[in-house]
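Worksheet: the structure to be examined is printed underneath.
The values are calculated or read from the model by the stated rules, or taken from the named source; none is laboratory data. Only a predicted model underlies this, so the values are computations on that prediction, with no experimental measurement involved. All Cβ positions, glycine included, derive from the backbone under ideal geometry; neighbour counts span all protein chains shown.
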Amino acid sequence: MPKASTDQSQTPGDGNQTSLSRTFKYLLATQFLSRGIPFIFNSWIVRHLTEEDYALYAIQFHLFVTCVLFLSREGFRRACMRADLSCDSSSTVENTAKLLKVAWMTLPLGVVITLAACLLIFWWQGLSYSDPFAQAILINGWACILELLAEPLYILSQTMLMLKLRLVVETAATLSRCVTMYILIAYHFDMEKGIVFALSQTAYGAILFIGYWFYFLLLHSFTISDIFPFSLRK
């Protein structure tokens with residue numbers, strides 16, 4: 001009897017250790033692949049770029065996308081990640097609806113910030129819409145909006161600890177960005193490098209959008225009204 005009691009008292013701890021190990025494994029794999037895949041591709045791509053092209057790709061566009069996304073979603077992401085969506089809770093549906101109502105605020109805010117950032121760059125550098133750099137900025141802006149369309153479902157998946165989903169979707173998105181850039185550069189399409197970089201970023205955002213929406217709508221039995229819960233009344 002004492003032995004059985006000891007085993008029972010260790011079970012919750014063992015479960016926590018297993019959960020922690022699983023979380024660590026998926027997060028480590030996600031970070032490794034999201035950094036490792038671009039490193040391998042960039043080691044080839046950098047040989048085909050001038051210093052100006054590489055600065056445009058690695059600094060200017062990266063700074064634009066990072067700033068827009070950070071200002072648009074970081075506050076909502078940090079707040080929503082604190083939500084507790086227990087799978088056995090009777091109020092899970094209600095809590096999920098409340099979470100998504102907040103998470104969807106990232107989209108209108110992101111659209112405003114994206115437009116403001118694009119207009120600021122146009123005004124600051126005196127660009128016209130026919131300028132390839134201006135077109136690349138607009139394409140990058142669209143890529144940001146695609147990511148923001150997936151943001152509520154990303155937040156939902158993380159609060160529900162769907163770490164494998166994040167691993168698969170982000171790995172596929174990273175591969176799509178690298179492969180798109182590789183194809184457009186290696187096969188010498190008559191296209192400005194800035195446009196190539198912007199299209200590769202759009203491919204990344206598109207796969208994030210498709211991946212999360214495909215999973216929740218087709219594989220997780222969510223409906224459109226579940227994802228857009230604004231018609232729910234208390």
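Remarks
Residue-by-condition table, conditions (1) of a type in the set (Gly, Ala, Ser); (2) touching a Leu at 6+ places or on another chain (Cβ under 6 Å); (3) buried (at least 21 other Cβ atoms within 10 Å of the Cβ):
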| residue | (1), (2), (3) |
| --- | --- |
| Ala117 | yes, no, no |
| Leu127 | no, no, no |
| Ala136 | yes, no, yes |
| Leu149 | no, no, no |
| Leu165 | no, no, yes |
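- Residue list for the stretch 191-213, restricted to those being within 10 Å of Ser176 (Cβ to Cβ), in contact with an Asp or Glu (Cβ under 7 Å, 6 or more places away or on another chain) and either of a type in the set (A, V, I, L, M, F, W, C) or at pLDDT below 95 (or both): Leu208
- Test: residue in the stretch 79-88 that is under 30 Å from Pro132 (Cβ atoms), surrounded by 12 or more Cβ atoms within 10 Å (Cβ to Cβ) and modelled with pLDDT of 80 or more: no
- Odd one out for Val46, checked against (1) over 19 Å from the mean Cα position of the chain (by Cα); (2) within 20 Å of Thr174 (Cα to Cα); (3) in contact (Cβ under 8 Å) with a residue 24 or more places away in the chain; (4) surrounded by fewer than 16 Cβ atoms within 10 Å (Cβ to Cβ): (3)
- Of the criteria (1) assigned to a helix (DSSP H, G or I); (2) over 20 Å from Lys25 (Cα atoms); (3) modelled with pLDDT under 95, which one Ser157 fails: (2)
- Out of Tyr204, Tyr215, Tyr187, Tyr182, one residue alone is surrounded by 21 or more Cβ atoms within 10 Å (Cβ to Cβ) and either at negative phi or in contact (Cβ under 8 Å) with a residue 60 or more places away in the chain (or both). It is Tyr204.
- Some residue of the stretch 119-129 being among the aromatic types (Phe, Trp, Tyr), farther than 26 Å from Ser200 by Cβ and under 15 Å from the mean Cα position of the chain (by Cα): no
- Qualifying residue in the stretch 167-178 (condition: without any contact (Cβ under 8 Å) to a residue 40 or more places away in the chain, surrounded by 18 or more Cβ atoms within 10 Å (Cβ to Cβ) and more than 13 Å from Thr202 (Cβ to Cβ)): no
- For Asp190: the one exception among (1) part of a helix (DSSP H, G or I); (2) among the charged types (D, E, K, R); (3) farther than 22 Å from Gln31 by Cβ: (1)
- Check on Val196, more than 24 Å from Ser43 (Cβ to Cβ) and either in a helix (DSSP H, G or I) or touching a strand residue (DSSP E or B) at 6+ places or on another chain (Cβ under 6 Å) (or both): no
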